[in-house]
Structures are given as C-alpha cells and as structure tokens.
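The values are calculated or read from the model by the stated rules, or taken from the named source; none is laboratory data. Keep in mind that this is a model prediction, so the values were computed, not measured. Every residue, glycine as well, gets a Cβ built from its backbone with ideal geometry; the counts of neighbours run over all protein chains shown. Heavy atoms of the whole protein, side chains included, go into the accessibility calculation; ligands, DNA and RNA do not. Shrake-Rupley method; radii C 1.70, N 1.55, O 1.52, S 1.80 Å.
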Amino acid sequence: MEVPKDQIATLLENGLYNSAQILGCFLVSSPAANAESSPHLKIESLVLLGDSFYREREYRRAIHTYKQALQYYKMIPKQSMSSARSSLSSNRSSSPNSCNTSVINENEVKFKIASCHCFLNENKAALVEMEGIPSKARNLPMNLLLGKLYRISRHSRAAVAIYKECLRHCPFILEAITALSEMGSTAKDIISLFPQTPNRSVRAPFDPTDSSRWLQRYVEAQCCISSNDYKGGLELFADLLQRFPNNTHLILEIAKVEAIIGKNEEAITNFEKARSIDPYIITYMDEYAMLLKLKSDYSKLNKLVHDLLNIDPARPEVFVALSVLWERKDEKRALSYAEQSIRIDERHIPGYIVKGNLLLTMKRPEAAVSAFRGAQELRPDIRTYQGLVHTYLALFKIKEALYASREAMKAMPQSAKALKLVGDVHASNSGGREKAKKFYESALRLEPGYLGAALALAELHVIEGRNGDAVSLLERYLKDWADDSLHVKLAQVFAATNMLSEALSHYQAALRLNPQNEAAKRGLERLEKQMKGVDPDAPEEDEDNDVEDGDGDQDETELL
C-alpha cells in the first residue's frame, strides 16, 4: 500500500489531527484506494479523513466526507462483503475509528454526522441522522444526543423515554437527571430507574443505601429546583457541599439559584468562590455578569468579560456577558450580542432574559414578550414571569399581566416575589391599590427582608398621600440594609414633600454606595429644579385600567 491507513489512525489517536488530515488526502487519492477495485479501502479512508476534519472542527467538510463514505458503502454488493472482510482481516487497525467486520460501522458514521450538525446548530438535520440508527444499535452517547435533540425539537415524551433508558444503563448520567427533572419527572421516578444490581458498564455495583446516597440527594435537589422549591433545593445542595467541599459544580448550582431568587450578594460570593477554585470556568458566568451589572460593579464586569473572551469566545455565556457589559453604552450592540448567544445555543435561557429586558428598555415590548416566552418555554422561573408581567403592563395588557402573575403565584406559592408580582399588576390602576397593598404586605410577611416589596409598598403609600408611612417603612429597613435603592426612594419621598435638604442627603448617600446609580443622578437633577422653584414633573392623569376578574379573586385570597 502506498499510504499506510493504520498510520492515520495512529495520528488521530495521538491528537495529530492536521497531519492526519494531510495524510488522509494522500490516502483517499491513492490508486490503491480505488472505488472500483478496492471499495472497502476507499470507504475506510474516507471515514478516517472525515475523523480528521471532525477533530479539527471543520464540521462541514467532515459531513461531506462521511456522506461520501456512506454512499460508497451502499454501493458495495452484499455478496462482496465476505471477501472484503477476509482481505481486511490481516491488516485491520485496532483504532476505535477503524472499520468493523462490515467494512465500517454505518451507525457510528451517522452518529458522527449528527454530531457535526449539532456543532453547526443544525438540529433538525442531526435528528434525521439519529433517527436513522436502529434503537438496538444505539449506545449511550447516541442515546444522550438523541434525547437532547428530541428535547430541542419539543418531542418531550420521546426525550423522557430516551433519558430514562440512559439512566437504566448507568445512573451517573447527571445531565439525564437534570433533563428529566426539568421535564417534570419526580425524584422517586428518577431514582427508581437506577439499576439495583451490578452493571457491566459501571465499575462498582450501585448501592442506593451507601456510597451513592449522595446521588439520590442530587436528584432530589434538581427536582426541587425544577419545581420552583428553591429553598428545598438550596438546602439539599448545601448538604452535598458539606460532603464534597469546594465542588465547583455544586457551588455554581447554588449561586445560580441564589441569583434567580434575588439573593444577589450570596450569589456573587459563591460565583467568586467558584472562580477562585477554577479561574477558567465559563458555566453560569453570564449569570454572574448580570449580578455585577445590577450592582453597577463595572470594573469587575469588564475584567470578567475580558477573562471569558480569553478562555473561549465562542460560548453563549460569553456573548450574554458582552451584552450585559455593552447595555449601558450601546443598546443595539448589546442586543446583537444577546441574539448571538441564542444563535449559538437556542436553549440558553439567560440569552432570552437579557434580550427581553433590553427590548423592554428599548421600548419594543411586543418583541420583549416573545423573548420572555422563549425563556419560559425552556424553563419558567421568577425572572421570566417578572419579564412577562412588566412587558404586558408596558403594553397596557392588564388582563394578560394579571394572568401571568397569578400563574407565577400558583407555580411558586412560597415566593414573596410572586406575591409582589400580583401586587404590581393591581397597583397599575387606581382601583386595585388596596389589593396591591395586601399582596405587598403578604410578601413582606413571607420574606421580611425583601426590599423589592418594601419599596413597592412605600411607592403605594406615596401615591395615596401617606408619605409619613412611606418614610417610617423605609427608615425601618435602612437600619439593617445599606442599600442605594432605599436611599433613592427615601430621597424621592422627601422631595415630593418639599423636604429638599433631606432629599439631597439621601441622594448623596445613594451615590456614595453606588456612584453609577442612574436614578440617584436623575433625582439630583430634578432636585436642582425644585430648589430653583421649577416643577420637575408635568401632571399625569391616572390610567383607567380597572381589572374585572371576579373568578380570580377567590384564587388569590386562597393563595394569600
């Protein structure tokens, strides 16, 4: 043979992909690998060349080459297979990329083609290839990819069946556990799939009562999070973290949940802890970026984005972080970054949330609804409900906003944020303010430290002329919270009651805590006008958007 086929396999095994690619071109064009005289060698050579393209991330070239191999494979007469096998038996490579006893493994090649399509975000084409592999011929990696593709294409029932099959084969497929929990499977259902006898694919027998009890706790934690029981999920993750200290995966899971439920300082601390253990982490770093932006810590945010770009600029998390960084400077550019994150991974939830918030800021509420709906279809959490409610309110679609807020309250009955969301809808019209007050007070009873509800209740007091109640409420929180938003709200109340020096003091306090606080900056500008005797506000008429929904009132009362 002019070009030794086994040498290409050796180059691939040793990671020398470029050399394998060049040598593969020689092999494929060699007279010895003639499609008519040696079809089996031609097919094997094309698969090896495709492998070299795949390893070099030249996915379109890989797909083209693999499909050529399959075309030649289908042209080989069945009766010539036995002679091909005998002629190959003496010089067959032991590489996993080499062909099996039927010249090549057709299903493995289809799997490689599907994998290439996935990397190119061509999920429909990938699914077509995977569905061409018989179920009995699929191995564990094939099933995992098929489950992912079914889930992307919203074939939830088929995805559940595939992921369950994965766990029956091996209980330690954590991505299958997470997927099943997010698709509604209970912890009991998932744990019942775990094999109770030694499995050849698992080195040690699975013992649910001893060494793998942590796995059951992990299942329970993921199911809690997926069912919006964030408190229960955090407790379970914390227990696991005691057993596995400095486990970056657990720390990141905890930080992500804390970010969702608004425990921002705790989340920031955990994200930074994870980065101190492993400075090259990218997972959930866009969530960390969103928190830094909320805190107006732009020096840390800038450093984070710089680090992420140096680690892997092609990840969706990096584009979300870029979007968050650019939002203050160039909203259109920020929006393009958010959209790029979704193009890279159409299931990347933070991309949809950031996109929705940007569109809302840019006065494009109709498009914002679509973005928040996209996030909610993937995995509803309090942030997607908040986005939808505030967007519907911006569109004056009060009934839709009320429906979404009640949906959040029913999904998360122990969430102060969900209660506050219903209050926000009622507070949007004069006829619902008394109801709004009850919801805000219920939120504060459920979570006394929830500043969002305190600020909303104070705003309601101001609207109804109870400025003294607003001041006493906010000053009560100020004793325990050094928060710039509290100072801004107090300043606004004092400014409204013409106590200008007190207003000035609180605006200055807010800017000391957060020099980037835009509301404080605008407030100071308004205060200057007031001090000059100029009315900073034109009179506004109340919108008449009374909500008539008697059927829902009883549900709300029960949930309160």
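Observations on the model:
- Charge dipole of the chain about the Cα centre (unit charges at C-beta), most positive-ward option of 237, 359, 422: 237
- Straight-line cross-link reach from residue 300 at under 16 Å between alpha-carbon atoms covers these lysines, not counting any fewer than eight positions away in the same chain: 273.
- All other residues whose Cβ lies under 13 angstrom from that of residue 160 are scored, Lys and Arg at +1 and Asp and Glu at -1, for a net of +3.
- Area accessible to solvent at residue 477, 1.4 Å probe radius, in Å²: 30 Å²
- Furthest towards positive pole of dipole, 261, 527, 393, structure part the chain, Cβ charges: 261
- Per residue, the accessible area of the chain comes to 50 Å², computed with a 1.4 Å probe over protein heavy atoms only.
- Relative to the longest principal axis of the Cα atoms of the chain, the long axis of helix 416-427 makes an angle of roughly 60 degrees.
- (i) 3, 14, 21, 23, 16, 10, 7, 4, 2, 0, 0; (ii) 4, 18, 27, 24, 16, 8, 3, 1, 0; (iii) 4, 16, 21, 19, 15, 12, 8, 4, 1, 0, 0, with the label sought being that of the calculated P(r) over Cα pairs in 10 Å bins from 0, in percent: (i)
- Proximal charge balance of residue 345 [Cβ under 10 Å; K/R count +1, D/E count -1]: +1
- Helical runs (DSSP H, four residues minimum) scored at -39500 (n - 2.57) apiece and divided by the length of the chain put the mean residue ellipticity at 222 nm at -21500 deg cm²/dmol.
- Segment 392-418 and segment 469-499 have Cα centres lying 27 Å from one another.
- Ordering of 17-25, 238-246 by burial proxy (mean other Cβ atoms within 10 Å per residue, highest first): 17-25, 238-246
- For the set 256/435; 399/420; 363/410; 437/521; 136/164; 355/410, the pairs lying more than 23 angstrom apart at their alpha carbons are 256/435; 363/410; 437/521; 355/410.
- Per-bin percent of Cα-Cα distances, segment 203-299 [5 Å]: 2, 13, 22, 21, 18, 11, 7, 3, 1, 1, 0
- Within the assembled protein chains, the solvent-accessible surface assigned to residue 352 is about 40 Å², based on a 1.4 Å probe.
- Unit charges on C-beta of K, R, D, E only; dipole of segment 356-494, Debye: 340 debye
- Extending 7 Å from Cα along the Cβ direction at residue 57 and again at residue 441 yields two label points whose distance is 5.9 nm.
- Note on exposure: 155, 64 ranked by accessible area (1.4 Å probe, complete protein assembly) read 64, 155, with the most exposed listed first.
- Distance violations [Cα-Cα > 28 Å] among 67/124; 110/188; 148/397: 110/188; 148/397
- Using a probe radius of 1.4 angstrom, the carbon and sulfur fraction of the accessible surface of segment 481-521 is 53%.
- Computed about the Cα centre, the dipole magnitude for the chain is approximately 2220 debye when only Lys and Arg (+1) and Asp and Glu (-1) carry charge, each at its Cβ.
- Ranking of 410, 437 by solvent-accessible surface, largest first: 410, 437 (1.4 Å probe, protein heavy atoms only, all chains present).
- Sorted peptide list for 69-76, 161-168, criterion being average Cβ within 10 angstrom, highest first: 161-168, 69-76
- 478, 27, ranked by accessible area, largest first (probe 1.4 Å): 478, 27
- Dipole of the chain, positive direction: furthest Cα of 171, 382, 487, with charges on the beta-carbon: 171
- When the P(r) of segment 448-532 is calculated, the portion above 17 Å amounts to 42% of the C-alpha pairs.
- If you plug the beta carbon distance of residue 235 and residue 14 into 1/(1 + (r/R0)^6) with R0 = 51 Å, you get a FRET efficiency near 0.60.
- Estimated at the nearest 10 Å², the accessible area of residue 55 is 110 Å² with a 1.4 Å probe.
- Summed side-chain charge close to residue 251 - residues other than residue 251 whose Cβ falls under 13 Å, Lys, Arg +1, Asp, Glu -1: -3
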